[in-house]
1. What are the residues whose amide H is under 5 Å from the amide H of Lys96, where those residues sit 5 or more places off or on another chain and H is modelled from the backbone?
2. Add -39500 (n - 2.57) for each DSSP H run of 4 or more in the chain, then divide by its residues: what number comes out at 222 nm, to the nearest 500 deg cm²/dmol?
3. Using a ≥ b ≥ c from the Cα gyration tensor of the range 58-167 (square roots of the eigenvalues), is it rounded, prolate or oblate, where a/c under 1.5 gives rounded and otherwise the larger of a/b and b/c decides, a/b for prolate?
4. Just to be sure I understand: of the beta bridges DSSP finds with both ends in the chain, what percent are antiparallel, rounded to 5?
5. Just to be sure I understand the rule: take each whole DSSP H helix in the chain, project its Cα atoms onto its long axis, keep it if the span is 20 Å or more and its mean Kyte-Doolittle hydropathy is at least 0.0. Which ones pass?
6. Expressed in nm to one decimal, what extension gain is obtained for the pair Ile112 and Ala215 from 0.36 nm per residue of sequence separation less their Cα-Cα distance?
7. With an 8 Å cut-off on Cα pairs and a minimum separation of 6 or more residues, tell me the relative contact order of the chain in percent.
8. To two decimal places, what compactness ratio does the range 147-187 give when its Cα radius of gyration is scaled by 2.2 N^0.38 Å?
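The values are calculated or read from the model by the stated rules, or taken from the named source; none is laboratory data. As the structure is a prediction and not an experimental result, all values here were calculated from the model. Neighbour counts run over all protein chains shown; Cβ positions are idealised from the backbone, glycine included. Each accessible area value is taken on the protein alone, full model and side chains, heavy atoms only, with ligands, DNA and RNA left out. Shrake-Rupley method; radii C 1.70, N 1.55, O 1.52, S 1.80 Å.
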Amino acid sequence: MLVGLSFSNPILATEPELVFGIVPQQSATELARLWIPLIQEVATRTGIRLTFRTAPDIPTFEERLKQGEYDLAYMNPYHYTVFSKSPGYRAFAKEKDRRLIGIIVIAKNSPITDIKQLAGKIVAFPAPAAFAASILPRAEFSRLDIPIETRYVMSHDSVYRGVAQGAFAAGGGINRTLEAMDPAVSSQLKVLTTTPSYVPHAFAAHPRVSSGTLAKVFAGLSSLDTDGAGRNLLRPLSMKGIEAASNRDWDEIRRLKIDQNVGRLP
């Protein structure tokens, strides 16, 4: 598995190297394809050495967040409410003009037309604490009192492939990863229903990252939508841009009072 790649502007780089962790909603290979060019461009624009990292699955990513292994991290809203407490990650940015909505997908040729028809069937999710792709869809099943057989399959991509192949009756995901999925797979799927919307993923920094360094990183990220080169890097991620954020932006998630274990269970 791809572990990490470092990028910097050798003339300007004077800052410590920062490890940038990306939540593994997709395979490491796909994440590398989507994120490395963007991270490389931010390194060039700021002169800060950045290393792309991810994890083999979401529970491992959660363990690494728990240990503070990432200097910077792109994490889901629930992860942020947990890891802002300890080890104290602080949000500094979020995707522009995006509200996070969970989706439940089925095969395009599925006879299912209503979520209630999934009662007793196998529904796939990336991981227990995947916020929009797992927590929100499961809440819908619970709210509607629809019993399902739950399967966790490591990533959004695995959900989509499993549903397309007929291994699962349905699966949880989000529009951004469905849009970024290989068209050979996404063309075999359709969205059955969606969940209420919430604040999107957080770009957050470990407390050890200085405010000066963080300001440079944010300047690099937020500049991407101001020119053609940057927009070309955002487009594969289905992002319009990256804007400033603060800790209180995720209070709406805290008010949900979600109590979901993170990391690997003993």
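1. Under 5 Å from the amide H of Lys96 lie the amide H atoms of Lys240, Gly241, Ile242, Glu243, each far enough along the sequence or on another chain.
2. -9000 deg cm²/dmol
3. Prolate shape, in that a/c is at least 1.5 and a/b is the bigger ratio.
4. Here the antiparallel bridges make up roughly 65 percent for the chain.
5. Helices meeting the span and hydropathy rule in the chain are 28-46.
6. 32.2 nm
7. 26 percent
8. Working: Rg = 10.0 Å, N = 41, 2.2 N^0.38 = 9.0 Å.
Output field value: 1.11.
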